[in-house]
Amino acid sequence: LLATPGVIDLADAEAVVAKLTLGGWTSWPADEQAAVLTFLMEWWRNVLVSDPNETPAEPVLCAIGLAESDLSKYLSAWDDLLTASESAALQLANLVNHEIHLAKPNLKLSNAFWDKSSPQANQVLHWLIRPEVRAAVERAFFVAQGDEARELSWAVQNLGGLAARSSE
């Protein structure tokens, strides 16, 4: 729904989903909470298999991070799709290449809705430095062509830089 063109502009995703937290959704009745969780996961899976030039994953992950205190199941879903979907790998490349500030001393996600010290932002950054993530992007690179191969190659390099920065 939120990623459907014309319904809600993706640029508003964080603001819209943040309203769930303001509305205290985690204290709602269990069936309503389950509906929110189901929606968020289905939205996330749909975005991961979409073209990152049309529907980038980063604002959606950030929006979900505003509603959920733990992103592990969303990152796990991304792990699962990285090996099965070129789009999921390209979404990751887009995040790494365009949505992370690698400059010292402020390694952070660039979206203003991420609090650089938030557990969710840190969770994403720690997930990205895992060797399995870099290996999945490398595998995608070897089967990609053209612009996609360049984007994935750049992401492999940036993931290496991110891992090196995290060990400093």
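The values are calculated or read from the model by the stated rules, or taken from the named source; none is laboratory data. Note that the structure is predicted; figures quoted are calculated from it, not measured. Cβ atoms come from the backbone with ideal geometry, glycine included; neighbour counts cover every protein chain shown. These accessible areas exclude ligands, DNA and RNA; they are computed on the full protein's heavy atoms, side chains included. Shrake-Rupley method; radii C 1.70, N 1.55, O 1.52, S 1.80 Å.
Looking at (1) open to solvent by less than 20 Å² (accessible area, probe 1.4 Å); (2) on the phi > 0 side of the Ramachandran plot; (3) not aromatic (F, W, Y), can you tell me which one A93 breaks? If we test A93 against (1) open to solvent by less than 20 Å² (accessible area, probe 1.4 Å); (2) on the phi > 0 side of the Ramachandran plot; (3) not aromatic (F, W, Y), just (2) comes out false.
Filtering E32, E54 for residues that are of a type outside the set (V, I, T), at pLDDT 95 or above and open to solvent by 20 Å² or more (accessible area, probe 1.4 Å) leaves a single hit, E32.
In the condition set (1) open to solvent by less than 20 Å² (accessible area, probe 1.4 Å); (2) within 30 Å of V143 (Cβ to Cβ), G65 is compliant with all but (2). Kindly indicate the residue of the stretch 130-168 that is surrounded by 13 or more Cβ atoms within 10 Å (Cβ to Cβ) and of a type in the set (F, W, Y) and also nearest to S85 (Cα to Cα) among those meeting that condition. Checking each candidate, the answer is F141.
Within the stretch 67-90, if we keep just the residues that are within 13 Å of the chain's Cα centre (by Cα) and among the hydroxyl-bearing types (S, T, Y), the residue that is farthest from D115 (Cα to Cα) turns out to be S87.
Given the criteria part of a helix (DSSP H, G or I) and surrounded by 16 or more Cβ atoms within 10 Å (Cβ to Cβ), does W114 qualify? Answer is no for this residue.
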